[in-house]
Amino acid sequence: MLLTGATGFLGCRLLRELLAHGEEDITVLGRGTPEKLRDRVEAAVQWLDTPRLPHDALAAVRYASGDLTRPGLGLSPLERARITDGLTALWHCAALLEMASDPAPLHHANVIGTRRVLELADEAPDARLLHVSTAYVAGRRATGIIREDDLLDTDGFQVPYEESKYTAERLVHAWAGRNERDVTVFRPSLLVTDRPVPEDLPAQPADFLLRPLERHLRSRAERTSQVRALLHRPRGEAGHRASDLHFRVEGDPQGSLNMLQADYAAHAMVRAASRARPTTGVRTLHVTHPHNVSFATAAAALQTRFPGLTVSMAERLSRPTPLERLVAQHGAPLLTYSTHRRTYDRTNLIAALDGLPDPAPVDHAYLARAFSRGEALVAG
């Protein structure tokens, strides 16, 4: 078995699940020397506390230096032969996840990189491909039910990341049809965890908004007593103070997001992969929560991270403050989804999970923990 992306937020969880399910012959492909790659992967996997791993399970994992952005994945012919010899499954989880990034590097990593992975799979004709995409290949479509077999670009895309993952899926479909190969495509939604993640480990997507916001507030705290009081105010303390701050974000007050616990997503994907599958062709599974989270709930949970900071949503912002401009800059990729009122079909997922209970609610209490400040965030 080969796994790409094991140093990522989802990938390290997939590796732990695979090991917990008894997979012993696993090669991890990633950037850096095999020694440094091992250190990064083991740090991430060992920090996770579930599922329980057999003794010394990580010791048997092999590591190969590879890079999606390099021709041939940066692998020599000898390395390619070693990796593909007897390969039965190829999990492609690696991707560039910067939703606001320049389209060029996104296309290079997510589209051309996927093509290079498919070329490697060509050399392992008995391997099934398990491709990790995203529920956001649905692009700008804001309403209705997104079916698991929908793959359309008629509504366009909100950010280049979506388009790159859509195009990668199109490549996978064409490859599977041309070569009569077995492919499972997983489309997770916005993955979250309620355990604060140290800064040296793979961050959850929400941290790309929260950490720049906190750094900005710290820089202002040196000059503004109001912000300094906000950062040091004890959590859970009620009542209005003069130091309270309010900021607005632009979006649909009635919008919602689909958020799913990352641990559940990894468990569901590995479980689904082990169930019955077609001999050839593509099967797509929406790895999504059965219930969306309103933006109002997410905004209220954010306030638990910064007691005294209140957030409201407006359809249009007039005369934004510096703080509102910062949030708009760093949070734009997430805030664009506040226009969504769509839901996701989970028919294939439910069938593949064979009785696995639905995930617990992603509610205010869960998000309050997810957005809380970890030790690595408040230090200094």
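Side notes on the structure shown:
- Separation in nanometres of the label points that stand 7 Å from Cα toward Cβ, at T347 and A365: 3.5
- Relative exposure of T114, T279, T193, judged by other C-beta atoms within 10 Å (fewest first): T279, T193, T114
- Net lengthening on full extension, R275/D150 (0.36 nm per residue, minus Cα-Cα): 42.8 nm
- Both radii were evaluated on the Cα set of the range 97-179; the Rg over Rh quotient, with Rh as the Kirkwood radius, amounts to 0.99.
- Virtual paramagnetic centre 7 Å along Cα→Cβ of E35, amide N under 12 Å, in the range 1-15: none
- Using a Förster distance of 22 Å, the FRET efficiency for E315-L201 (Cβ separation, nearest 0.05): 0.05
- Using R0 = 22 Å, the C-beta based FRET efficiency linking A60 and R115 works out to 0.15.
- Calculated diffusion of the range 1-95, Stokes-Einstein form, Kirkwood radius summed over Cα pairs, 20 °C and 1.002 mPa s, µm²/s: 161
- Sites A328 and A142 - FRET efficiency at Förster radius 22 Å, r taken between beta-carbons, to 0.05: 0.65
- Potential lengthening between E98 and E180 on full extension [0.36 nm per residue; Cα-Cα distance subtracted]: 26.3 nm
No value in this document is a laboratory result; all are computed from the given coordinates. For clarity, every value in this text was computed on a predicted model and none was experimentally measured. Positions of Cβ are backbone-derived with ideal geometry, glycine not excepted, and every protein chain shown enters the neighbour counts.
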